[in-house]
Amino acid sequence: MLLATDIQYGDDSAIAAGVLFSSWLDAESAQTITRQIQGIEPYEPGSFYKRELPCLLELLSDVDLNALTAIIIDGYVMLGEAQTPGLGMHLYEAIDRAVPVIGVAKNRFADTPKDCEILRGDSQSPLFVTSVNMPLEVAKANIAGMHGDNRIPTMLKKADQLCRGNVLA
């Protein structure tokens, strides 16, 4: 099972969403999960993970990690050319390295290596893919091959819409 995640923030709360699906090619989810989280930490520049990681861990409390083959996050596993740990690496460590983590970001982080970019559909705007415990080329191929004709794969779009309170058919 694969899990795509996303989080939407309010003033002092967040909605974490997860979309479980069986195959990289799936157009339909097997299950969706949402969690409302109160008492969110304020954004701290340079330490985004401190705000986001507790939300992801709360969401994962509803998931059997042993059943997962990968977790896809909205963000980076490693940051820039220096490969500084990002949200995905902090998640990977927090779950005791149990499941590979793939980061898919819509915006470039400073000094992101060119080999992290993929183009999907007719879009000329790349997605930026990073990973841990899965070779980057495999992670990129998996994301590039996901269902959906547009820049954002269907399951990632579903996670985004779910955390925003919208349910896609």
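Quick notes
- Summed over the stretch 1-32, residues that are within 19 Å of Ile102 (Cα to Cα), of a type outside the set (S, T, N, Q) and outside any loop (DSSP other than H, G, I, E, B) total 11.
- Scanning the stretch 138-160 for residues that are outside any loop (DSSP other than H, G, I, E, B) and closer than 16 Å to Ala105 by Cα yields a count of 13.
- Annotation: of all residues in the stretch 8-36 being under 16 Å from Gly165 (Cβ atoms) and of a type in the set (D, E, K, R), the one that is surrounded by the fewest Cβ atoms within 10 Å (Cβ to Cβ) is Asp11.
- Condition check for Gln31: modelled with pLDDT under 95, at negative phi and out of contact with any helix residue (DSSP H, G or I) (no Cβ under 9 Å at 6 or more places or on another chain): no
- Enumeration of residues in the stretch 114-162 that are among the charged types (D, E, K, R) and touching a Cys at 6+ places or on another chain (Cβ under 9 Å): Lys140
- Residue, surrounded by the fewest Cβ atoms within 10 Å (Cβ to Cβ), within the stretch 37-48, restricted to residues that are of a type outside the set (D, E, K, R) and within 20 Å of the chain's Cα centre (by Cα): Pro45
- Residue list for the stretch 80-130, filter: touching a residue at least 40 places away in the same chain (Cβ under 8 Å), in a strand (DSSP E or B) and either more than 20 Å from Asp160 (Cα to Cα) or hydrophobic (A, V, I, L, M, F, W, C) (or both): Ile102, Val104, Phe128
- Considering the stretch 49-79, and only residues there that are among the small types (Gly, Ala, Ser) and exposed (fewer than 15 other Cβ atoms within 10 Å of the Cβ), the residue that is nearest to Asn142 (Cα to Cα) turns out to be Ala67.
- Qualifying residue in the stretch 49-72 (condition: more than 14 Å from the chain's Cα centre (by Cα), among the basic types (Lys, Arg) and either assigned to a strand (DSSP E or B) or at pLDDT 95 or above (or both)): no
The values are calculated or read from the model by the stated rules, or taken from the named source; none is laboratory data. Computed from a predicted structure; not experimentally measured. Because the Cβ atoms are built from the backbone with ideal geometry, glycine has one as well, and the counts that use them run over all protein chains shown.
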